[in-house]
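Read through the structure below, which is laid out as structure tokens, and then see the notes.
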Amino acid sequence: MKIAIVGCGNMGMAFAKSFLQYDLVKKDDLLLIEKSSDRSESLKAEKAGVVVDTIGPHVGETDLIILSVKPQDFNSVHEALRAIIQPRQVILSIMAGIPIAQIQKKLAHPLVVRAMPNTPAMLGMGITGFTAAKEVDMTNLRKIENLINATGRSIFLEDEGMLDAVTALSGSGPAYFYYVVKAMIEAGKQMGFDDSVSALLVKQTMLGAYHLINNADKSLDDLIKAVASKGGTTEAALREFESGGLSDTLIVGIKAAQIRATELSKG
């Protein structure tokens, strides 16, 4: 398979490196289009693929074109892409907020898949929601799913509208965890730990809790109860969280992210 990646920022390169790591594409068959001269030179030094700075006929020779430019930059590349796209090529967009119909219209091309990954994809531990135009056949869809899974895990959604919820829940989700971790580390500092000790205690706690969620045959409520003995320290903390409406605030915040994602997709 030959793949072109238009826009080689963190997410574009997360996909590129995962494809190479799992031998899903050869370096000579991976075309990296990066307009920034400094970034282009850096990619050439990494030898992560064939690096070019413009969209030309060579992009039309690939099987798959991945659009990973910033959404606001799509207007600066779509005309060049439209001029070279071949009927058999599939477009995979990981641009936030731009719906399939808009991509199809601007590229005059029906074969579009839209995906929303998150930043842990850079470590091969991401989760990506994806959907596709009805014109994309199952063979191509399975190939793309296999590629996406190189960056972690994926979930296919029949309803493109649910990608706004994916954006809010898992796309933005890492920031919510960082926010909680930051608050916990600050609490540790206020209780007398220095930065490094507090960070170690919190980060290892989060890592261990993640593995328990994944491996323990218990519900989240059961896991909470296993830590929160009646009248104990954990119960005191949880009582404060509840009285402060922490759970409700998180839910409202995540729904606000969904609303904003929907607004952006409508332009």
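The order of the peptides 101-109, 135-143 by mean Cβ neighbours within 10 Å, most packed first, is 101-109, 135-143.
Rounded to the nearest 0.05, the FRET efficiency derived from the C-beta distance between MET138 and GLN86 at R0 = 22 Å is 0.60. Sparsely packed loop sites in region 1-70 (the trypsin sites (Lys or Arg not before Pro) outside DSSP H, G, I, E and B with at most 11 other Cβ atoms within 10 Å) comprise LYS47.
Each Lys and Arg Cβ is given +1 and each Asp and Glu Cβ -1; about its Cα centre, region 1-64 then shows a dipole of about 100 debye. How would you classify region 108-173 from its alpha-carbon gyration tensor, with a ≥ b ≥ c the square roots of the eigenvalues: rounded for a/c under 1.5, else prolate if a/b is greater than b/c, otherwise oblate? It is oblate, given that a/c is not under 1.5 and a/b is not larger than b/c. For region 154-239, the list of GluC sites (Glu not before Pro) that fall in a loop by DSSP and count at most 16 other C-beta atoms within 10 angstrom reads GLU158.
Specify whether the C-alpha gyration tensor of region 1-64 places it in the rounded, prolate or oblate class, a ≥ b ≥ c being the square roots of the eigenvalues: rounded for a/c under 1.5, otherwise prolate if a/b is larger than b/c and oblate if not. The shape class here is oblate. Mind checking the full-extension length gain between GLU235 and LYS70? Use 0.36 nm per residue of separation minus the Cα-Cα distance, one decimal, nm. Additional length available on full extension: 55.0 nm. The average projected area of region 3-159, computed from the convex hull of its Cα atoms over all directions, is 8.1 nm². Taking Cα centre as origin and charging only the Cβ of basic (Lys, Arg, +1) and acidic (Asp, Glu, -1) residues, the dipole magnitude of region 3-159 rounds to 120 debye. Report the normalised scattering of region 173-265 as log10 I(q)/I(0) at q = 0.16, 0.20 Å⁻¹, calculated by the Debye formula with identical scatterers on the alpha carbons. At q = 0.16, 0.20 Å⁻¹ the computed log10 ratios are -0.89, -1.25. To the nearest Å, what is the center-to-center distance of region 224-267 and region 130-188, using C-alpha atoms only? Distance between centres, Cα-based: 20 Å. Angle, helix 195-215 long axis vs. longest principal axis of the chain, Cα atoms, 0 to 90°, nearest 10? So the helix axis and the longest Cα principal axis differ by about 80 degrees. Considering only Cα-Cα distances, which of the following residue pairs are longer than 24 Å: LYS26/LYS134; LYS27/LYS203; LYS105/LYS255; LYS35/LYS255; LYS105/LYS266; LYS47/LYS105? Violating the 24 Å Cα-Cα cut-off are LYS26/LYS134; LYS27/LYS203; LYS105/LYS255; LYS35/LYS255; LYS47/LYS105. With a ≥ b ≥ c the root eigenvalues of the C-alpha gyration tensor of the chain, is it rounded (a/c under 1.5), prolate (a/b larger than b/c) or oblate? It comes out prolate by the Cα gyration axes. Express the relative contact order of the chain as a whole percentage, based on alpha carbon pairs under 8 Å and six or more residues apart in sequence. Relative contact order here is 15 percent. Between amide H atoms placed 1.01 Å from N, distances below 5 Å from SER93 occur with LEU67, VAL113, ARG114, ALA115, all of them 5 or more places distant or on a separate chain. In straight-distance terms, cross-link reach from LYS225 covers every one of the aspartates and glutamates whose alpha-carbon lies under 19 Å from its own, apart from those fewer than eight places away in the same chain; here that gives ASP217, GLU235, GLU240, GLU242. Compared with the dominant Cα axis of the chain, that is its longest principal axis, helix 173-190 is turned about 40°. For trypsin sites (Lys or Arg not before Pro), the sites in region 157-259 that DSSP calls loop and that have at most 16 other Cβ atoms within 10 Å are LYS218, LYS230.
All of the numbers you see were taken from the coordinates with simple rules; none came from a lab. Worth saying up front: this structure is predicted, and the values here are computed from it rather than measured. Note: ideal-geometry Cβ built from the backbone for every residue, glycine included; neighbour counts use all protein chains shown.
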